[in-house]
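The values are calculated or read from the model by the stated rules, or taken from the named source; none is laboratory data. This one's a predicted model, so the numbers in the text were calculated from it and none came from an experiment. Neighbour counts run over all protein chains shown; Cβ positions are idealised from the backbone, glycine included. Calculation scope for accessible area: heavy atoms of the full protein, side chains included, ligands and nucleic acids excluded. Shrake-Rupley method; radii C 1.70, N 1.55, O 1.52, S 1.80 Å.
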Amino acid sequence: MQLIHKSYKTLIAIVLSVFVAGLFQSCEKEADFELKSFGPSGVVVRGGEISFNGEKLDDVIEITLPDGTVIAKSNFVLSSPEKIIVQIPEYYPLGLTGKVLLKRSNGQIIETQSSFMVFSSISVTSIEPSGETSPLKPGDEIAINGVNLEEIDAVIFKNGTICTDFKKDNTLIKMILPHAVSSGELTFRMIAGYDENGNPFYSEAKGPEITVVDPVLREINDESFVIVPPASEVKISGDYFGGIDIVNGAVIVKFAGSEEVVTGTIDVAGNTLTFSLPIKLQAETEMTIIISANGGKEVSSTATFKIEKTEVTGYEPESAWEPKGTVILVGDNLNAVSRLVLSRFVLNEDGSESEIEKAVPITKSADGKSITFTLPSTYGRDGREIPKLYLYSGGYIYYDYYPEN
């Protein structure tokens, strides 16, 4: 019995040693398997490849992509202990983001730490015509050549105009240039996927440049037009206004020989540029307007302005003016008056004269035909005072009148 007992103990020891050795060997193999990197981890194109780098990767028997596509080991592009390469199917859904699952021979599932998203591998090879030899105009037809062009949802021009009205197949897009078109690089938009509310989100790809005709500015009715300061809004028409550069939502308008700069707005459909003349320029009879178009080119137009004369033709009341009395000056284009003062001259000791001004509040009629003001309580106390009308455009008008009783 003692011999049998010893033999039994010996057998158990042998079995345990074999088990422990196998256990350590199994742990060693488990530790040897390692997924070190996966990429690209950002954007992948349909038909493109993703690779996995590590140790003992030949133990992976299948890979599951985020959309559920299972790629068996027999379909790997490459399977080696250090690297696995698989190809993304051409039908893979665009914009889907997720991690990749690797299944080992022992059933263990390994998940990648980073995600990837699939975009279409569109390629635009040429645009014909591009306008390089003869600038394009709105209404011209262009052909966009390339591959996988069916994925394109919209064409975006340099000035931000988005065009979705075109015919397309896998290798060709034909489109009519919209009215608001500008020179510069085209951007091609694709639907990359949909959010949880079903709204699309997009990816974009840059393409070749096109050259379009520069805008043409001309005067209203090609004739001189009247400016009545300060109602100095100017509207200039022309052609091809889609090419006018927009800076922070506005058109920058400059004037030759002047440091004055104003912002304007454009109606592309109506080919109309609207802006206001600076006060200092409202007395000019001719000026050259300069704007920027098609990425920085200067486009100019010389416009002739007729400035209406501001004058006082009469007064009310016609009797003598009294302190605290109300006076109405009547005339033409009095809305050009910026302020009114009562002016008088005093004789200095050296024989010269000095002018003293006293500002008074005024009310101007909407039609520019009258100005109303109230005489101060001290009116006439220190001598003769006459109205002096300052203009927005600079300069002033004396109304040299002193009513008699």
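Entry remark, the stretch 243-259: residues being of a type outside the set (A, V, I, L, M, F, W, C), surrounded by fewer than 20 Cβ atoms within 10 Å (Cβ to Cβ) and closer than 26 Å to Glu209 by Cα number 3 in total.
Working only within the stretch 327-366, note down all residues that are open to solvent by 80 Å² or more (accessible area, probe 1.4 Å) and part of a strand (DSSP E or B).
From the stretch 327-366, those open to solvent by 80 Å² or more (accessible area, probe 1.4 Å) are 339, 345, 347, 349-350, 353, 361, 363, 366; that's our starting set.
Selection gives Arg339, Phe345, Leu347, Glu353, Thr363.
From the residues in the stretch 173-213 that are assigned to a loop (DSSP other than H, G, I, E, B) and acidic (Asp, Glu), which one is most open to solvent (accessible area, probe 1.4 Å)? By that ranking, first place goes to Glu196.
Residue check: is Gly295 surrounded by fewer than 17 Cβ atoms within 10 Å (Cβ to Cβ) and either part of a loop (DSSP other than H, G, I, E, B) or at pLDDT 80 or above (or both)? So Gly295 passes the test.
Step by step: first the residues of the stretch 225-257, then only those that are in a loop (DSSP other than H, G, I, E, B) and either in contact with an Asp or Glu (Cβ under 9 Å, 6 or more places away or on another chain) or farther than 22 Å from Thr310 by Cβ (or both), then the one that is modelled with the lowest pLDDT. Which residue is that? Of everything passing the filter in the stretch 225-257, Pro229 is modelled with the lowest pLDDT. Within the stretch 367-405, restricting attention to residues that are assigned to a strand (DSSP E or B), of a type in the set (Ser, Thr, Tyr) and at pLDDT 85 or above, the residue that is least open to solvent (accessible area, probe 1.4 Å) is Ser370.
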